[in-house]
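Worksheet for the structure shown next.
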Amino acid sequence: MGSSVEKIEKSVVTMKIEVSAEDFKKAVTKAYQKNKGKFYIDGFRKGKAPQKIIEQRYGKEVFYEDALDFAFPDAYLKAIEENKIDAVSRPSMESIDKIGEDGLEMTISVAIMPEVELGEYKGFDPGDLAYEPTEEDINVEIEKMQDQNSRLVSAAEGEKAKSGDTAIIDFEGFKDGVAFEGGKAEDHSLVLGSGMFIPGFEDQLIGTAKGDEVEVNVTFPEEYQAEDLAGQDVVFKVAIKDIKTKEVPELDDEFAKDVSEFDTLEELKEDLKKKIKDDKEKELLEIAKVKAVDAAVENAKMEIPDQMIQEEVDKSLRDFEYQLKMQGISMEDYFTYTNMSEETLIGQVKEDSHKKLSRDLVLTKITETEVIEASEDEITAEIEEQAAMYNMDVEKFKSTVTEDQKKYFADSVKRKKTIEFLVDNTKK
Amino acid sequence: MLSPHDIIIKPIVTEKSMDDMSENKYTFKVKKDANKIQIKNAVENIFGVKVEKVFTMNMNGKVKRMGKYTGRRANWKKAIVKLTPDSKSIEFFEGI
């Protein structure tokens, strides 16, 4: 058995593999064992005809196809080992140069892990990662809290409704003097200015008071879901039963006590400031991470073989289809709903896959270059984190983790560390 | 004069005959009235081997019917030829 690399082009290796006569004969015998049940020859029960007899009857080639399947994996594995090829796709058969009694010779091609040429990946400027919350940020938060803690209070007798108030109304809609379906409700709470109703309706209620009965003239928009009403002028008879004003709690220490564990408003603000700062900085860090990786990818040079992308695309599409199936949607339905053709989807997926692969490759290369390792402790921590995420018992989960999975966790730790490394090294 | 090929009509290739080969026994259909000595000579002549012993048996042709007509296939003679241990084997599968 021998093998030789013919050429390397765009990360695709073409190589010649030879299988010795002896090994090929073994493969043929194996193929015979597999297929003998299919041959019927006079004088023999089915499956009992000797290999020799079958070969004489049908020609030596009958078993070659299966023999090839048997011989190939071994030969292929040996060949990539011999030539130290890091294959990333399934090999494809280019040609069979020789097949017969004296062995097998074939040419195959396989995509290899592309050679990544790292460019500058340390010099990237992530921008300022510190964030000092402004007065405004805090006020927005405070206002939100105020809003959440507001109460609705019935307005005083005769007070006029204004925007933001809630009106409790009975209404009935008439078109050309006839009540129409769905145009009637009682005790409906409507926040004025919320835009829940058709345009103009809420505006005309502003300025009314409790106990008023008004007629509201509106025109349904052209794009209304009920077709017979769209674009029609209608009259609503509205009885205002109550007007409620939102009472916003006063901003003082009392408020702080109510909504938080703090005693004074100052403390609450201080705490909010810290929280906002943390959140924002975390967000900035995430952005910086993505940017740092993107920059590293940008500066790196590599050629990703088509086969590798294709396999990634196939995988994503399969996953996607599976997801859709879980929701009870078929691929065809999805295309009809989204008005998207299969080609567009594949195009998108292809782009994503390309991005994902290049990121993976660059990060892996950086991990190698910088010799980033995952320690046992870190792996354990990662496993515990995963267990927590799926609400599983940590000890139990740990005991089910296989070597392969452990490797996966180690990789994930390494990946994290690499990204951190990128960000750390860019700040300087 | 009968040629050896007139005596040995054809080899018989079946599961059983293949099994016998491991005992150095080869099975043939032979001329109905050939005797063991003629068979021995013919086999030695054709395949260039040494014969130790010949077993023969007469096989009755099967009765076959086609509708209301019954017929009978010809009777024939089967010979199992045992070669001496030092003889070379017979490769008679060509051109079956």
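The values are calculated or read from the model by the stated rules, or taken from the named source; none is laboratory data. The model shown is predicted, which means the values in this text are computed figures rather than measured ones. Because the Cβ atoms are built from the backbone with ideal geometry, glycine has one as well, and the counts that use them run over all protein chains shown. Remember, those area values only see protein heavy atoms, side chains included, never the ligands or the DNA or RNA. Shrake-Rupley method; radii C 1.70, N 1.55, O 1.52, S 1.80 Å.
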Of the conditions (1) open to solvent by less than 60 Å² (accessible area, probe 1.4 Å); (2) more than 30 Å from A:L268 (Cβ to Cβ); (3) outside any strand (DSSP E or B); (4) charged (D, E, K, R), the single one that A:D170 does not satisfy is (3)
Since A:K407 meets every condition but one in (1) open to solvent by 100 Å² or more (accessible area, probe 1.4 Å); (2) in contact (Cβ under 8 Å) with a residue 40 or more places away in the chain, which condition does it not meet?
(2)
Can you pull out the residues in the stretch B:18-60 that are of a type outside the set (D, E), touching a residue at least 24 places away in the same chain (Cβ under 8 Å), assigned to a helix (DSSP H, G or I) and within 14 Å of another protein chain (Cβ to nearest Cβ)?
B:M21
Go through the residues of the stretch A:377-396 one by one and say whether even a single one is under 26 Å from A:A295 (Cβ atoms) and of a type in the set (S, T, Y).
no
Residue in the stretch A:312-353 that is least open to solvent (accessible area, probe 1.4 Å), counting only those that are closer than 22 Å to A:A296 by Cα and out of contact with any helix residue (DSSP H, G or I) (no Cβ under 6 Å at 6 or more places or on another chain):
A:D352
Candidate set: the stretch A:285-326, residues that are at pLDDT 80 or above and among the polar types (S, T, N, Q); chosen: the one nearest to A:V423 (Cα to Cα):
A:S316
With (1) away from chain B (no Cβ under 14 Å); (2) of a type outside the set (D, E, K, R); (3) crowded, with 19+ Cβ neighbours inside 10 Å as the list, and A:I54 as the residue in question, which single condition is left unmet?
(1)
Residue satisfying all of: in the stretch A:60-69; closer than 30 Å to B:V13 by Cα and not small (G, A, S); farthest from the other protein chains (Cβ to nearest Cβ) among these:
A:L68
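The rows are residues; the columns are (1) in contact with a Lys or Arg (Cβ under 6 Å, 6 or more places away or on another chain); (2) within 30 Å of A:D306 (Cβ to Cβ); (3) within 14 Å of chain B (Cβ to nearest Cβ).
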position	(1), (2), (3)
A:K25	no, no, no
A:V28	no, no, no
A:K34	no, no, no
A:G37	no, no, no
A:Y58	no, no, yes
A:A87	no, yes, no
A:I96	no, yes, no
What's the number of the only condition in (1) under 22 Å from the mean Cα position of the chain (by Cα); (2) outside any helix (DSSP H, G or I) that A:V349 fails to meet?
(2)
Kindly provide the set of residues from the stretch A:243-269 that are open to solvent by less than 80 Å² (accessible area, probe 1.4 Å), within 26 Å of A:A209 (Cα to Cα) and among the basic types (K, R), ordered by number.
A:K244
Count - residues of the stretch A:201-222 that are over 22 Å from A:K244 (Cβ atoms) and surrounded by fewer than 17 Cβ atoms within 10 Å (Cβ to Cβ):
5
Does B:A74 satisfy being more than 14 Å from chain A (Cβ to nearest Cβ), surrounded by 15 or more Cβ atoms within 10 Å (Cβ to Cβ) and of a type in the set (A, V, I, L, M)?
no
So A:E105, is it in the same structural domain as A:V19 (by TED's automatic domain parsing) and either closer than 17 Å to A:A27 by Cβ or not in a helix (DSSP H, G or I) (or both):
yes
Answer from A:I309, A:I304, A:I366 - the residue that is outside any helix (DSSP H, G or I) and under 30 Å from A:K406 (Cβ atoms):
A:I304
Test result for A:K78, outside any loop (DSSP other than H, G, I, E, B), surrounded by 12 or more Cβ atoms within 10 Å (Cβ to Cβ), within 52 Å of the chain's Cα centre (by Cα) and within 13 Å of chain B (Cβ to nearest Cβ)
no
Yes/no for B:S89 being within 14 Å of chain A (Cβ to nearest Cβ) and either part of a loop (DSSP other than H, G, I, E, B) or over 30 Å from A:Y40 (Cα atoms) (or both)
yes
With respect to the numbered conditions (1) within 14 Å of chain A (Cβ to nearest Cβ); (2) under 11 Å from the mean Cα position of the chain (by Cα); (3) open to solvent by less than 40 Å² (accessible area, probe 1.4 Å), which one is the sole condition not fulfilled by B:I7?
(1)
Here the residues within the stretch A:21-38 that are surrounded by fewer than 15 Cβ atoms within 10 Å (Cβ to Cβ) and out of contact with any Asp or Glu (no Cβ under 9 Å at 6 or more places or on another chain) are A:E22, A:T29, A:Q33, A:G37, A:K38
Complete set of residues in the stretch A:39-51 that are surrounded by 14 or more Cβ atoms within 10 Å (Cβ to Cβ) and more than 7 Å from chain B (Cβ to nearest Cβ)
A:F39, A:I41, A:A49, A:Q51
When A:S260 is evaluated against the numbered criteria (1) assigned by TED's automatic domain parsing to the domain that holds A:D176; (2) farther than 24 Å from A:D165 by Cα; (3) among the hydroxyl-bearing types (S, T, Y), which criterion, by number, is the only one it fails?
(1)
